């Protein structure tokens, strides 16, 4: 089944209460953060807290850890502590070259062998947060078979662009589009940046709708209250599901009748339309609004 | 002896003529007649207005060993209770029973008078902070008597709690003693708890900072029940009486619990046109208003009435036509008391009308759904809202057991863990609401339905909430936080938790 990453929720790694409750909100992925939300003086305690939380608590979501960049003094220590408890996913911040990914891939490969984990079972994703990184996005996205997604780290990226965040989002449009192209070219998922004004639901919904329409697979969130909103936007409507079912039915009938041209409601149905309908139904099944058996 | 809630109750308890153990929520059939105040006579054109609280104390004939009462509608803004007790102490009167509808943090000021023996017994809904610790320490001559709001109204009306003098803080009062709570600088809204005291106390003193010419309209407490009036500069601090509009929580965990609770209501079988509803004023309970409102609008359902302590989100529902009426025993914020003043569909009621189990039918009996908070719960669905994890009094019984017993569906919402403390135990330290009156417990990690309610278990299968057994919830909590050590208790009984029908539900033992 399709692996959903509609909502990837950041949880500061140094907050025991938040670690304890991270699993209750239904995020597709929980990202325990050892990087920007943890001050230098708390890096070690966060690392141990996150390690122990992953070891002791059964989270119902995919568990990712955002490590510090591998070039900092903390990155390798993060990996040493965290890989031993087998997170589902390692997220690298500020990825700029394929080399960044390959270095971590090698460390993970070694850890998997040492711990006896299935080779390749720990996945990776990377955040692109600079113009330079974006220029290398495809190389980063395809640098390792562990890579499942790339994300845009909006705030750092905008700072690097020397502009600021707007409500209409045009400052990020090119970067988002380019990131999406790189992800699709590499055959992995594209994840959008966080929206930090958690009390502004209206703009959050507008932004999430826009990135969903662009083709993104999900959005990073910083507050559990944003999860439901994201899921609502990413869930196919009953009408969309019904239409997809009708398209596939018409397609199958035509196949059975060996009829050459297929039309539904006066519109021609061809390969891409069938593929889109199949994607809608697969998605509906993955989010649980349509059971697999209904297909 | 062991009562029907499984609690060991001493055969003899100071302050009770006869110890009747709890036997089930509606097992007691009361007999006899209601009590009443002493007969009064007031000649035409006589004067009720006195010069001072001192003078009023003298006029009432207050003496050693008597019982005095107050209401808690002013909450942490109350000046009346503290100032009256200080005045009583100055007169050298001793050995009083203090029977307010509840005690708040501001009442810590009376601690010296408890230590001096001015007050030697307390009967109330609960206490917090230093006062709670003092009561738990067993400083009083006899155990503190904890009653629910409905249970207190019952006790007053049947004579279990006989009030000699009621001192009533009156936000607006005329020269003959008519009182309401909606006018004046110390407006508190409903006078619901004070109404019972006024009707049954032998002597009633109105203390006001807003004395108006005769007649006052509307009247909440009538002149026929008031003996004396004292005007003072201030009866309370408005900031402590009512807050600005209470807002729905933004805490994601409380919102998640509230969302589950709203789904439970939606699928319970009670979510129908003209259902009725009560919400608590705290966290997840109040937040449920947000989700219930959405469902009511989506499905075109309106409620017949809303009940309880009233808050801004409830008032909004009334104004939007989602509630046809509100019945109000107390107000928590300024929008609530303004609504009581201005909206004819917002009806004041007494504590007896609200919740007394031994009258012609309190309105809690008409309640379809109530959402209640909890301090601790146990695997028998018993709820504690009075003592903390160290066994110290830190809460109040309030209307908890009254509404749980009356409502067709009683939902208790609480986090499964508070800090490192699991909230579902093998047995709660103190039972305030018996498990047989609690239908559903909603936490952030799962929803447990009382096995007594198979109908609800069936209905909730479609509710898209994580349905689990209560034991599973407890196990989840213990896995995360470990099994808490039991509180080490002594044999000394420092509190009696009376059930609303006058039986003994539990006792509070002094922690070692």
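The values are calculated or read from the model by the stated rules, or taken from the named source; none is laboratory data. This structure is a prediction, so every number in the text was calculated from the model and none was measured. Neighbour counts run over all protein chains shown; Cβ positions are idealised from the backbone, glycine included.
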### Query
Residues of the stretch A:38-69 being outside any helix (DSSP H, G or I), more than 14 Å from chain B (Cβ to nearest Cβ) and over 22 Å from residue A:125 (Cα atoms), which ones?
A:39
### Task
Looking for whichever is more than 27 Å from residue B:251 (Cβ to Cβ) and assigned to a helix (DSSP H, G or I) here; the options are A:82, A:90. Which one fits?
A:82
### Query
For residue B:250, which of the numbered conditions (1) crowded, with 23+ Cβ neighbours inside 10 Å; (2) within 14 Å of chain A (Cβ to nearest Cβ) fails to hold?
(1)
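Yes/no per residue for (1) within 14 Å of chain B (Cβ to nearest Cβ); (2) under 28 Å from residue A:188 (Cβ atoms); (3) at pLDDT 85 or above; (4) surrounded by 17 or more Cβ atoms within 10 Å (Cβ to Cβ):
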| residue | (1), (2), (3), (4) |
| --- | --- |
| A:219 | no, yes, yes, yes |
| A:223 | yes, yes, yes, yes |
| A:237 | no, yes, yes, no |
| A:242 | no, no, yes, no |
| A:245 | no, no, yes, yes |
| A:249 | no, no, yes, no |
| A:256 | no, no, no, no |
| A:260 | no, no, no, no |
### Message
Please return the ranges of strands (runs of 3 or more DSSP E) entirely within the stretch B:323-375 where 3 or more residues are surrounded by 24 or more Cβ atoms within 10 Å (Cβ to Cβ).
### Response
B:326-331, B:369-373
### Task
Go through (1) surrounded by 15 or more Cβ atoms within 10 Å (Cβ to Cβ); (2) at pLDDT below 95; (3) away from chain B (no Cβ under 14 Å) one by one and return the number of the condition residue A:203 breaks.
(1)
### Query
Could you say which residue among A:160, A:197 is in contact (Cβ under 8 Å) with a residue 12 or more places away in the chain, more than 18 Å from the chain's Cα centre (by Cα) and outside any strand (DSSP E or B)?
A:160
#### Entry: residue B:257 being touching a residue at least 24 places away in the same chain (Cβ under 8 Å), more than 24 Å from the chain's Cα centre (by Cα) and either more than 25 Å from residue B:405 (Cβ to Cβ) or within 14 Å of chain A (Cβ to nearest Cβ) (or both)
no
### Query
Which condition does residue B:207 not pass, out of (1) over 30 Å from residue B:17 (Cα atoms); (2) crowded, with 20+ Cβ neighbours inside 10 Å; (3) without any contact (Cβ under 8 Å) to a residue 60 or more places away in the chain, if it passes all the others?
(3)
### Message
Looking at B:187, B:284, can you tell me which residue is part of a loop (DSSP other than H, G, I, E, B), touching a helix residue (DSSP H, G or I) at 6+ places or on another chain (Cβ under 6 Å) and crowded, with 21+ Cβ neighbours inside 10 Å?
### Response
B:187
### Query
Which of the residues belonging to the stretch B:442-485 are more than 28 Å from the chain's Cα centre (by Cα), surrounded by fewer than 15 Cβ atoms within 10 Å (Cβ to Cβ) and assigned to a loop (DSSP other than H, G, I, E, B)?
B:464, B:469, B:482, B:483, B:485
### Query
Can you tell me which residue in the stretch A:177-200 is farthest from the other protein chains (Cβ to nearest Cβ), limited to those that are loosely packed, with under 15 Cβ neighbours inside 10 Å and over 17 Å from residue A:139 (Cα atoms)?
A:196
#### Entry: Top-ranked residue of the stretch A:25-37 - restricted to ones that are under 21 Å from residue B:446 (Cα atoms) and at pLDDT 95 or above, ranked as nearest to the other protein chains (Cβ to nearest Cβ)
A:25
### Subset of the stretch B:486-512 that is in a strand (DSSP E or B) and surrounded by fewer than 17 Cβ atoms within 10 Å (Cβ to Cβ) - its residue that is nearest to the other protein chains (Cβ to nearest Cβ)
B:489
### Summary
Selection from the stretch B:216-230 of residues out of contact with any strand residue (DSSP E or B) (no Cβ under 7 Å at 6 or more places or on another chain) and more than 22 Å from residue B:36 (Cβ to Cβ) yields B:217
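Each row is one residue, and each column tells you yes or no for (1) over 26 Å from residue B:204 (Cα atoms); (2) exposed (fewer than 11 other Cβ atoms within 10 Å of the Cβ).
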| residue | (1), (2) |
| --- | --- |
| B:19 | yes, no |
| B:22 | yes, no |
| B:33 | no, yes |
| B:37 | no, no |
| B:42 | no, no |
| B:46 | no, yes |
| B:49 | no, no |
| B:55 | no, no |
### Matching residues in the stretch B:265-290 - criterion: being out of contact with any strand residue (DSSP E or B) (no Cβ under 6 Å at 6 or more places or on another chain) and modelled with pLDDT of 95 or more
B:266, B:267, B:269, B:271, B:272, B:273
### Message
Being closer than 24 Å to residue A:89 by Cβ, under 16 Å from the mean Cα position of the chain (by Cα), loosely packed, with under 13 Cβ neighbours inside 10 Å and free of Cβ contacts under 8 Å to residues at least 60 places away in the same chain is the requirement here; does residue A:215 meet it?
### Response
no
### Enumeration of residues in the stretch B:414-438 that are within 20 Å of the chain's Cα centre (by Cα) and part of a loop (DSSP other than H, G, I, E, B)
B:414, B:428, B:429, B:430, B:431, B:432, B:434, B:438
#### Entry: Per-region count, the stretch B:57-85, residues part of a loop (DSSP other than H, G, I, E, B) and surrounded by fewer than 19 Cβ atoms within 10 Å (Cβ to Cβ)
4
### Query
Does residue A:95 fit the bill of being more than 23 Å from residue A:145 (Cβ to Cβ), at pLDDT 95 or above, crowded, with 20+ Cβ neighbours inside 10 Å and in the same structural domain as residue A:220 (by TED's automatic domain parsing)?
no
### Task
Restrict the check to the stretch B:260-274 and report whether at least one residue is within 14 Å of chain A (Cβ to nearest Cβ) and not in a helix (DSSP H, G or I).
no
## Note on the structure
Of (1) surrounded by 24 or more Cβ atoms within 10 Å (Cβ to Cβ); (2) farther than 27 Å from residue B:507 by Cα, residue B:406 fails just (2)
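Looking only at the stretch A:153-170, count how many residues are at pLDDT 85 or above and more than 19 Å from residue A:94 (Cβ to Cβ).
The qualifying residues number 2.
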### Message
So residue B:403 passes all but one of these: (1) under 30 Å from residue B:179 (Cβ atoms); (2) in contact with a strand residue (DSSP E or B) (Cβ under 9 Å, 6 or more places away or on another chain); (3) part of a loop (DSSP other than H, G, I, E, B). Which condition number does it fail?
### Response
(3)
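Is it the case, given these coordinates, that residue A:227 is touching a residue at least 40 places away in the same chain (Cβ under 8 Å), within 14 Å of chain B (Cβ to nearest Cβ) and part of a helix (DSSP H, G or I)?
The answer is yes for residue A:227.
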### Summary
Filtering the stretch A:1-18 down to residues that are within 14 Å of chain B (Cβ to nearest Cβ) and either modelled with pLDDT under 95 or in a loop (DSSP other than H, G, I, E, B) (or both) yields A:15, A:16, A:17, A:18
